[in-house]
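Single-structure report; data block below.
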């Protein structure tokens with residue numbers, strides 16, 4: 001093979017020559033090796049020594065890459081000086097070293113900055129932790145020194161309890177921690193949807209406290225009456241519930257028990273003073289020679305527990321009771337075909353018809369009998385008295401009636417229980433019970449009825465989509481129920497998500513429709529003015545109620561003041577207390593910012609018609625029978641309205657008229673003599689109103705709030721005129737206090 005140099009950039013002298021014998025200073029025949037490498041491999045690298053570019057005096061290592069170009073039979077190559085590569089590598093290495101040093105310096109500065117910040121944060125954390133520990137110790141000291149029981153709930157269980165609560169519970173701390181409060185606390189009114197807040201409130205959830213009355217169950221069996229207040233909180237970023245447990249003072253508890261006992265005793269006394277003829281049943285009789293089987297069969301058909309035995313046409317000579325059949329026939333093995341005289345009790349004890357129920361019950365206890373024949377003045381037996389009827393008089397006690405309502409399973413059963421209420425009220429009026437006690441009993445009955453009916457409706461409709469509060473208004477909201485009452489109620493529900501708003505509204509309208517209809521069925525008539533939760537206007541989310549009250553207060557319409565004034569007497573009957581608490585707080589806040597509203601209410605109070613006219617004559621209406629009628633409810637209205645007006649002005653939360661007047665007296669706003677006189681006026685009018693209603697119900701008529709003028713005694717007329725004069729003075733006081741004139 002004889003290669004020929006075609007072209008070389010630095011050795012033109014070789015062009016056209018045969019370089020096969022050309023060798024570098026090291027003796028390597030480089031061109032021959034290049035030709036062989038191209039022929040055998042097609043391409044490759046060849047390292048050799050070559051002059052530095054155009055300088056033949058300088059020889060340096062060089063590396064060439066060659067490749068065969070077969071179409072022309074050429075070998076093409078190019079090379080680089082290894083010193084150039086070394087210098088470039090050195091340059092790049094230096095650049096990388098400098099870059100690395102810069103990065104290292106920057107990272108060092110950054111780490112120093114981070115370290116400084118970390119040290120600063122750690123110092124702040126230590127200070128915050130120390131402050132938190134000090135706060136915790138101060139809080140713990142306050143909590144442990146508190147006269148109220150305090151508990152912290154996490155996930156519904158007690159995580160901390162102060163010594164006061166441990167003492168109230170009467171249990172070691174180890175038995176209290178980790179348990180649910182419901183294990184120790186029994187509520188007076190049970191509502192599982194609102195008894196305690198959820199243990200993990202959301203960030204924006206209100207933390208308004210809700211109070212419940214009830215009892216603490218101690219291991220020794222003792223029950224302590226307490227008031228439990230539950231409020232939601234966020235502690236260390238997590239949801240929690242703080243419970244405050246306050247024992248009802250012995251004085252307050254004793255006063256409440258005394259009032260309840262007085263009512264129970266008055267009811268019992270009233271029924272024990274009834275004549276026995278009110279409790280008689282017509283006697284069942286058999287002949288002396290009738291068989292035991294025949295006598296028992298007659299008792300079964302008549303559903304009687306006793307039968308009198310008669311000797312021919314003569315008087316009764318003995319009595320057979322269900323106990324005689326059990327002891328002498330069934331247990332004694334006597335043949336039922338034997339004569340009835342074999343098992344009758346004789347001689348026959350009896351009691352005079354003129355006697356009282358209490359005396360008859362004592363007579364039966366003394367003689368250990370359960371059935372007692374009763375004779376009239378001529379000595380003839382006119383009826384049979386059973387201890388069961390006398391004991392059943394206790395069914396008319398308030399506790400028995402409300403217990404029966406709670407146990408009812410249908411509106412019909414509730415109606416059956418509440419049918420006893422008029423007789424109870426009549427007994428209380430006849431025995432001189434205070435009107436306030438009677439109002440309390442009637443309110444307790446209506447509250448219990450509403451609670452039971454709401455619970456029934458919830459069972460049928462399913463759980464509510466959001467928490468809600470069923471509230472009462474007007475006389476029921478003021479706890480001033482009488483026998484002549486209709487429905488005044490409304491419903492508040494928590495604002496749902498916008499997408500669920502209409503479905504939620506529809507659910508609560510169905511609930512209210514069911515409850516209001518059932519209330520009507522059990523005797524609480526629909527409100528003629530439509531002030532009921534079944535009316536969409538009075539069934540709203542909380543935000544809409546807030547807007548409604550804001551509109552009433554900020555832009556009052558005089559013609560509407562009377563219509564919506566009862567909405568300032570709202571009271572929770574069932575549901576979540578936090579909703580009514582938030583609404584009450586909002587109303588107080590808006591009232592503080594809108595003093596002119598109370599001026600409008602004061603003007604409205606001055607427009608009430610007094611029960612006595614300018615010439616000392618009672619103001620009356622004319623009935624359909626052309627009778628002159630005196631309206632007792634309207635006569636009381638000025639007192640109710642004025643008490644509400646002052647209560648709103650001074651932030652008094654109670655809705656009851658007498659309690660509002662009492663609080664005004666305690667605050668020094670209503671002097672003692674003025675307070676006593678207006679309370680006497682109110683109680684007299686309420687007593688007269690209740691007496692009139694009970695009288696109408698005894699006669700089989702519906703109770704009303706009007707009384708014919710002719711039925712009033714001279715004393716009643718005089719007292720009404722005095723009451724009117726006292727109410728007139730009260731209205732003048734309103735003029736001075738609110739309007740600057742009488």
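The values are calculated or read from the model by the stated rules, or taken from the named source; none is laboratory data. From a predicted model like this one, the values you see are computed outputs, not experimental measurements. A quick note on method: Cβ atoms are made from the backbone with ideal geometry, for glycine too, and the neighbour counts reach across all protein chains shown.
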Single residue of segment 698-713 satisfying the filter (loosely packed, with under 10 Cβ neighbours inside 10 Å and at pLDDT below 85) that is nearest to the chain's Cα centre (by Cα): 700
Flag if residue 584 is assigned by TED's automatic domain parsing to the domain that holds residue 488 and over 24 Å from residue 637 (Cβ atoms): no
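Regarding residue 563, is this residue at pLDDT below 90, assigned by TED's automatic domain parsing to the domain that holds residue 477 and either within 25 Å of residue 508 (Cβ to Cβ) or outside any helix (DSSP H, G or I) (or both)? Spell out the reasoning first.
On the way: at pLDDT below 90: yes; assigned by TED's automatic domain parsing to the domain that holds residue 477: yes; either within 25 Å of residue 508 (Cβ to Cβ) or outside any helix (DSSP H, G or I) (or both): yes.
So residue 563 passes the test.
Sort through 490, 469, 533, 484 and tell me the only one that's in contact with a strand residue (DSSP E or B) (Cβ under 7 Å, 6 or more places away or on another chain) and in a loop (DSSP other than H, G, I, E, B). It would help to see each step written out before you state the result.
On the way: 490 fails: in a loop (DSSP other than H, G, I, E, B); 469 fails: in a loop (DSSP other than H, G, I, E, B); 484 fails: in contact with a strand residue (DSSP E or B) (Cβ under 7 Å, 6 or more places away or on another chain).
Being in contact with a strand residue (DSSP E or B) (Cβ under 7 Å, 6 or more places away or on another chain) and in a loop (DSSP other than H, G, I, E, B) holds for just one of 490, 469, 533, 484, which is 533.
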Matching residues in segment 452-474 - criterion: being touching a helix residue (DSSP H, G or I) at 6+ places or on another chain (Cβ under 8 Å) and either free of Cβ contacts under 8 Å to residues at least 40 places away in the same chain or under 17 Å from residue 523 (Cβ atoms) (or both): 452, 453, 454, 456, 466, 472, 474
Residues (under 23 Å from residue 58 (Cβ atoms), touching a helix residue (DSSP H, G or I) at 6+ places or on another chain (Cβ under 9 Å) and surrounded by fewer than 16 Cβ atoms within 10 Å (Cβ to Cβ)) located in segment 8-22: 8
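Being under 30 Å from residue 584 (Cα atoms) and without any contact (Cβ under 8 Å) to a residue 24 or more places away in the chain is the requirement here; does residue 678 meet it?
Values: under 30 Å from residue 584 (Cα atoms): yes; without any contact (Cβ under 8 Å) to a residue 24 or more places away in the chain: no.
Answer is no for this residue.
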Some residue of segment 591-601 being at pLDDT 90 or above and either touching a strand residue (DSSP E or B) at 6+ places or on another chain (Cβ under 9 Å) or farther than 19 Å from residue 551 by Cβ (or both): no
Count of residues meeting criterion [part of a loop (DSSP other than H, G, I, E, B) and either free of Cβ contacts under 8 Å to residues at least 60 places away in the same chain or closer than 17 Å to residue 467 by Cβ (or both)] in segment 501-530: 5
Yes/no for residue 497 being closer than 15 Å to residue 542 by Cα, surrounded by fewer than 21 Cβ atoms within 10 Å (Cβ to Cβ) and touching a strand residue (DSSP E or B) at 6+ places or on another chain (Cβ under 9 Å): no
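When you go through 298, 341 one by one, which is the residue that is part of a helix (DSSP H, G or I) and either without any contact (Cβ under 8 Å) to a residue 24 or more places away in the chain or under 30 Å from residue 419 (Cα atoms) (or both)? Break it down stepwise before answering.
Details: 341 fails: either without any contact (Cβ under 8 Å) to a residue 24 or more places away in the chain or under 30 Å from residue 419 (Cα atoms) (or both).
Criteria check complete, one pass: 298.
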Output for segment 1-56, where each listed residue is part of a strand (DSSP E or B) and either in contact with a strand residue (DSSP E or B) (Cβ under 8 Å, 6 or more places away or on another chain) or within 12 Å of residue 75 (Cβ to Cβ) (or both): 43, 44, 45, 46, 47, 48, 49, 50, 51, 52
Flag if residue 79 is over 21 Å from residue 12 (Cα atoms) and either assigned to a loop (DSSP other than H, G, I, E, B) or modelled with pLDDT of 85 or more (or both): no
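In this structure, is residue 76 over 60 Å from the mean Cα position of the chain (by Cα) and in contact (Cβ under 8 Å) with a residue 12 or more places away in the chain?
no
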Total residues in segment 308-329, condition surrounded by fewer than 20 Cβ atoms within 10 Å (Cβ to Cβ) and under 56 Å from the mean Cα position of the chain (by Cα): 4
Qualifying residue in segment 430-451 (condition: modelled with pLDDT of 90 or more, not assigned by TED's automatic domain parsing to the domain that holds residue 304 and not in a helix (DSSP H, G or I)): no
Qualifying residue in segment 331-339 (condition: surrounded by 14 or more Cβ atoms within 10 Å (Cβ to Cβ), within 60 Å of the chain's Cα centre (by Cα), in the same structural domain as residue 288 (by TED's automatic domain parsing) and at negative phi): no
Enumerated helices (runs of 4 or more DSSP H) restricted to segment 383-426, each holding at least 2 residues that are modelled with pLDDT of 80 or more: 398-407, 411-418
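Would you mind stating whether residue 26 is exposed (fewer than 14 other Cβ atoms within 10 Å of the Cβ), at pLDDT 85 or above and in the same structural domain as residue 83 (by TED's automatic domain parsing)? Lay out the reasoning, then the answer.
Details: exposed (fewer than 14 other Cβ atoms within 10 Å of the Cβ): yes; at pLDDT 85 or above: no; in the same structural domain as residue 83 (by TED's automatic domain parsing): yes.
Criteria not met by residue 26.
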Residue count for segment 253-298, restricted to those that are modelled with pLDDT under 70 and either in the same structural domain as residue 384 (by TED's automatic domain parsing) or in contact with a helix residue (DSSP H, G or I) (Cβ under 9 Å, 6 or more places away or on another chain) (or both): 13
All positions within segment 661-675 that are exposed (fewer than 13 other Cβ atoms within 10 Å of the Cβ) and either outside the structural domain of residue 641 (by TED's automatic domain parsing) or part of a helix (DSSP H, G or I) (or both): 666, 672, 673
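Test of understanding: among 483, 473, 519, 511, which residue is under 28 Å from residue 679 (Cα atoms) and surrounded by 23 or more Cβ atoms within 10 Å (Cβ to Cβ)?
Values: 483 fails: surrounded by 23 or more Cβ atoms within 10 Å (Cβ to Cβ); 519 fails: under 28 Å from residue 679 (Cα atoms); 511 fails: under 28 Å from residue 679 (Cα atoms).
That would be 473, the only listed residue that is under 28 Å from residue 679 (Cα atoms) and surrounded by 23 or more Cβ atoms within 10 Å (Cβ to Cβ).
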